[in-house]
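In what follows, a single structure is set out as structure tokens and then discussed.
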Ligand SMILES: C[S@@+](CC[C@H](N)C(=O)[O-])C[C@H]1O[C@@H](n2cnc3c(N)ncnc32)[C@H](O)[C@@H]1O
């Protein structure tokens, strides 16, 4: 695990583009070793029976007030370092979390003292969202949220996981910018892997409106977890 030097990360331009927007299949891991490590750490990807039992377990758990978490280092950083900062911050009350999944269900409870809204275009994922859940793409955030009304937007694991074209990202980042209040925070979590990096976020013009934010608990504006997911947290501020 290491920090990216901010001055370097600004200049890095890697032209890798292997995800085709028209290809709806999930991209394959770049090597069998990586696939193996991911599979070991993953729940819910163990074949038809394992998947069904996992789904049943999640449904029952959620119905009986349980929550599930994904065991990876980037989740630990998100849940144990990034979230607590906002849970305890008085300046950050209105939070939007984009993209819901079985392992984000518990985030609703983590932010139960905040005005916490979730968003996902897939209606089936509403089950993992907050009471205030929006079924839509992040590019349409303004249809549901007043301009300048949000303190923090988390866009974690969405770029390269559905939000796959630069045009869509232009619209999405611009919508986030308008919905955030001045000084509001914007976190993009993305995987620095060819199969999940359809474009470089720095290439998206609407991101240029934001300023880089040095996130206090991590003392950097970009934090890479150098494992099989190469998950990277990039922090911005309006
Ligand atoms: C890998 S999951 C990530 C979930 C979660 N945000 C996280 O922290 O891991 C990707 C989710 O993003 C959603 N998604 C894909 N494209 C989106 C878009 N344009 N706007 C909002 N959500 C999107 C998908 O439906 C899916 O549920």
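Given their separation in residues at 0.36 nm each and the Cα-Cα distance between them, residue 93 and residue 195 gain 33.3 nm when the chain is fully extended. Kindly identify the stretch 137-238 as rounded, prolate or oblate by the Cα gyration tensor criterion: order the square roots of the eigenvalues as a ≥ b ≥ c, call it rounded if a/c is under 1.5, otherwise compare a/b with b/c, prolate if a/b is larger, else oblate. Oblate shape, in that a/c is at least 1.5 and b/c is the bigger or equal ratio.
Shape class for the stretch 129-169, computed from the alpha carbon gyration tensor (a ≥ b ≥ c): prolate, with a/c not under 1.5 and a/b above b/c.
Taking the Cβ-Cβ separation of residue 127 and residue 76 as r and a Förster radius of 22 Å, what is the calculated FRET efficiency to the nearest 0.05? Walk me through the numbers on the way to the answer.
Values: r = 24 Å, r/R0 = 1.11.
Here the calculated transfer efficiency is 0.35.
Measuring from a point 7 Å past the Cα of residue 165 along Cα-to-C-beta, which residues in the stretch 186-221 have an amide N at less than 15 Å? 198-199, by backbone N distance to the label point.
Peptides 134-143, 178-187, 95-104 ranked from most to least packed by the mean count of surrounding Cβ atoms within 10 Å: 95-104, 178-187, 134-143.
A simple packing score, the average count of other Cβ atoms within 10 Å per residue, orders the peptides 86-92, 224-230 as 224-230, 86-92, with the highest score first. Between residue 63 and residue 182, the contour length at 0.36 nm per residue exceeds the alpha carbon distance by 39.0 nm.
Considering only alpha-carbon pairs that sit under 8 angstrom and 6 or more positions apart, the relative contact order computed for the stretch 30-237 is 17 percent.
Could you work out how much longer the chain between residue 144 and residue 212 gets when fully extended? Use 0.36 nm per residue separation minus the Cα distance between them, nm to one decimal.
Numbers: separation 68, 0.36 × 68 = 24.48 nm, distance 2.61 nm.
Gain on extension, residue 144 to residue 212, equals 21.9 nm.
Every number here is computed from the coordinates shown, using simple stated rules; none is lab data. This structure is a prediction, so every number in the text was calculated from the model and none was measured. Heads up, the Cβs are rebuilt from the backbone with ideal geometry, glycines too, and the neighbour counts pull from every protein chain shown.
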